[in-house]
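Written out below as structure tokens is the structure these notes cover.
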Amino acid sequence: MSRLEPSPIFLSKNNLMTSLHSPLFRSFFTACLSIATLLANPVYARITRIEITTRQTPTFDGKVFGNVGAYEKLRGKAYGELDPTSPQNALITDLRLAPRNARGMVEYAMDIYILKPIDLSKGAHKLFLEVNNRGGKLVGGFNRSGGGNDPTTAADAGEGFLMNRGYTLVWNGWDPSAAPTNNNLTLTVPIAKQADGSPISGPSYEYIVYDNATTTGYTLAYPTATQAKNQATLTVRQHLSDSPTVVPAEGWEFVDDRTIRLLPAGTPFRQSAIYEFSYTARDPIVAGIGFAATRDFISFLRYATTDDAGNPNPLARDVQFTYSFAISQPARYLNDFQTLGFNADEQGRRVLDGIENWLGGGSGIGLNVRFAQPSRTERNRQNHLYPEAPFPFAYPVLTDPFTGKTAGRLGACTTSHTCPKVFEVNSANEYWVKAASLLHTDPKGNDLPDPDNVRFFLVSGAQHGAGNGASRGICQQFQNPTNAEPLLRALFVALDEWVTKGIAPPPSAVPRQLAGTAVVAVPQPGSQTGLIPQATLGWPTIPGVTYTGLITSRYQLDFGQTTEQGILAINPPTVDGRPVYTNFVSKVDADGNEIAGIRLPPVAAPIATTTGWALRRAEYGENEGCEGAGQQIPFKATKAERIATNDPRLSLEERYHSHEGYVKAVTTSVQRLQQQRLLLPEDAQQYIHDAEVSAVLK
């Protein structure tokens, strides 16, 4: 129509009623209503319904947190749906083979858990997502509390580090393999089917090790497609370096389609022996939905006001900044979350502003594959042949020299302009057993400059989390009790300031080849491990301590030509003849303590040699890797004791002379870390207090 013709929506008062009944107006009104409905409910992957099943107001026994006040606890379910034709969802393995609702969408449901200020106006307007570990909450250390999977009491809140600062704490189910017990959070996703509705089957693999002599059965991750034993293979070996021996058909059986056992019935698996079971599985779940579930839930909390039914978002119009914190398995999940582009929601908005990853190593999660087993993780003696850690490892976009593939963790978010600020924090154990150096090198081990939005930190000499210094477990030496939580708190404050105020973070602190602080692993042909030569590392010969130099090798594994589609045609793959990505660890000083990274007081003012690696005791696979454990090897108290035992490391007496000298050394190291913004004042004082009340040279 021309500019001079009256538009149906610009009506005079006199002809309004007549026009309302005209066919033209009715058609126009219907079109407008359809557009309004579409705008109100766009065809995006989204949370369609949020259901708060319990609300405890207040929680934590009514404890008040500074000016923020008391908190409340919300528990419930969130229901979402995904458009399998959306480009952002199309990369989810088998999503197109999942059942759909009447709108053509794939549905899922997840547990949710929220701790928020009762009065949001007094909070910080910041969301703290802890990505749960196999369904469990591990954030207690942040608050100096025991934590627990259902924090309720004042004791559960501890000192309230996060609550005193006004953060809203959020958890959601993302791991469909997490057991729905003990207040775990889990995710319900559909089973993929063939286009005609028939079951999907394919190769699956189980790595089975029990460090006891009593276990008699094993539950498979997926049901078997057939119980014909000639369609499956069970092997056993005592050590990783041994050749596997096939267990004869009369030596094992299917109990049902999800369970196997040795024969005769009641025979236990050999203690610490390595069993491997290959079979044809059926009914894969669409596990990759776990990435979209977190994306859409955090996007809902950040941007939405209500769900489709009008139920209110409990954080509506409050969230200004979003952060995540993850320990171990979920840190690897967040690595893939970034690589696959899930930090952009379907409307192109950033989901997470800041990420602090602790103990993720140079690995992903192996979630977005058919027959996924996200609870698996590689270490020196376990789970080497799972798709946990394919290229890329580093953040910059690089080319894999072995496959020609070009990718990087920053590739997707750079395109969508949704990159978060990231701290990758790892213990020494991740460098020894999970190739963490590949986070900040190219595949050949050459140092890379830090991306503008990422920093890397090694916690020198630490194991995978704090160990029990009074226990050996299955290892040869006492475990390493170095606790990184004080550092993690300081780094989180720095991350927040980087995101909200643009204050530059502390610089990366990791081993570098250019700095001469890195020792490169030597691959062992035909083996799943490599070696770090003792002389090159600088490791001292300590009486009673075995050194083998065992380190995990990161192989370029071949799972078959359909790997890019998330389908593992070769499962398990072989390491024979496969190329190896170069990885390294930090050199050590004369005590065996690492020289690169952040040296917390147990390393900067040591009373022992602390390591990120450990070896198994004789009855548990002697001299093979002791998984996530490290070691604490105490110094002798006096020079005379040291000489009598031929220990090359200086005694406590020779180092500090007196108790006061030890306290002074700790104080000096603490002050240095505090100046570097790597310790908060309250944690700095705690280190000094602990030194003062210690028995060192008393």
- Note on the structure: Averaging 1/r across every pair of distinct alpha carbons in the range 644-698 and inverting yields a Kirkwood hydrodynamic radius, in angstrom, of 12.2 Å
- Query: Can you pull the percent of Cα pairs in the range 368-414 with separation above 14 Å?
  - Reply: 60 percent
- Could you order peptides 420-427, 338-345 by the average number of other Cβ atoms within 10 Å of their residues, highest first? 420-427, 338-345
- Item | Residue among GLY516, ALA428, GLN534 farthest towards the positive dipole end of the range 385-538, charges placed on Cβ | GLN534
- Mean accessible area per residue over the chain (1.4 angstrom probe, all protein chains present, square angstrom) is 40 Å²
- How many angstrom separate the Cα center of the range 263-286 from the Cα center of the range 375-400? 23 Å
- Task: Report, to the nearest 10°, how far helix 329-339 tilts away from the longest principal axis of the Cα atoms in the chain, using its own Cα long axis and a range of 0 to 90°.
- Result: 50 degrees
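Just flag the GluC sites (Glu not before Pro) in the range 159-255 sitting in loop per DSSP whose Cβ has no more than 14 other Cβ atoms within 10 Å.
Filter output for the range 159-255: GLU159.
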- Query: So what are the three principal axis dimensions of the range 322-362 from its Cα atoms, in whole Å, longest to shortest?
  - Reply: 31, 19, 11
- Query: Which of the lysines could a cross-linker span from LYS63 if the Cα-Cα distance has to be under 17 Å and same-chain partners fewer than 8 positions apart are dropped?
  - Reply: LYS73, LYS116, LYS122
- Task: In debye, nearest 20, what is the charge dipole magnitude of the chain about its Cα centre with +1 on Lys and Arg Cβ and -1 on Asp and Glu Cβ, if you could check?
- Result: 920 debye
- Semi-axes in Å, largest first, for the range 285-423 (Cα gyration tensor, √(5λ)) are 28, 17, 14
- Message: With angles folded into 0 to 90 degrees, how steeply does helix 659-675 sit against the dominant principal axis of the chain? Use alpha carbons for both and round to 10.
- Response: 30 degrees
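Quick one: with all protein chains in place, what share of the accessible area of the chain is carbon or sulfur, to the nearest percent (1.4 Å probe)?
53 percent
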- Could you give log10 I(q)/I(0) at q = 0.10, 0.18 Å⁻¹ for the range 120-243, computed by the Debye formula over C-alpha point scatterers of equal weight, without solvent? -0.59, -1.06
- Only helices counted: for the chain, with every DSSP H run of 4 or more residues adding -39500 (n - 2.57) and the sum spread over all residues, [θ] at 222 nm is -5500 deg cm²/dmol
- Peptides ranked, highest mean first, by Cβ atoms within 10 Å: ranges 169-180, 275-286, 192-203: 169-180, 275-286, 192-203
- Task: Go through PHE456, LEU234, GLY354 and say which Cα lies farthest out towards the positive end of the charge dipole of the chain; charges sit on Cβ, +1 for Lys and Arg, -1 for Asp and Glu.
- Result: GLY354
- Note on the structure: At q = 0.13 1/Å the base-10 log of I(q)/I(0) from the Debye formula over the alpha-carbon atoms of the range 577-642 is -0.52
- Item | Among the listed pairs LYS137/LYS444; LYS444/LYS501; LYS405/LYS587; LYS639/LYS698; LYS77/LYS126, those beyond 26 Å (Cα-Cα) | LYS137/LYS444; LYS444/LYS501; LYS405/LYS587
- Message: At a 10 angstrom cut-off on C-beta neighbours, averaged per residue, how do the peptides 137-148, 379-390, 665-676 rank from highest to lowest?
- Response: 379-390, 137-148, 665-676
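Quick one: dipole size for the range 497-579, taken about the Cα centre, charges +1 on Lys/Arg Cβ and -1 on Asp/Glu Cβ, in debye to the nearest 20.
240 debye
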- Query: Looking at the range 204-263, which trypsin sites (Lys or Arg not before Pro) are DSSP coil and have at most 15 other C-beta atoms within 10 Å of their C-beta?
  - Reply: ARG258
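The values are calculated or read from the model by the stated rules, or taken from the named source; none is laboratory data. Note that the structure is predicted; figures quoted are calculated from it, not measured. Backbone-built Cβ (ideal geometry, glycine too); neighbour counts: all protein chains shown. Ligands, DNA and RNA are stripped out before the accessible areas are found, and what is left, the full protein with its side chains, is counted by its heavy atoms. Shrake-Rupley method; radii C 1.70, N 1.55, O 1.52, S 1.80 Å.
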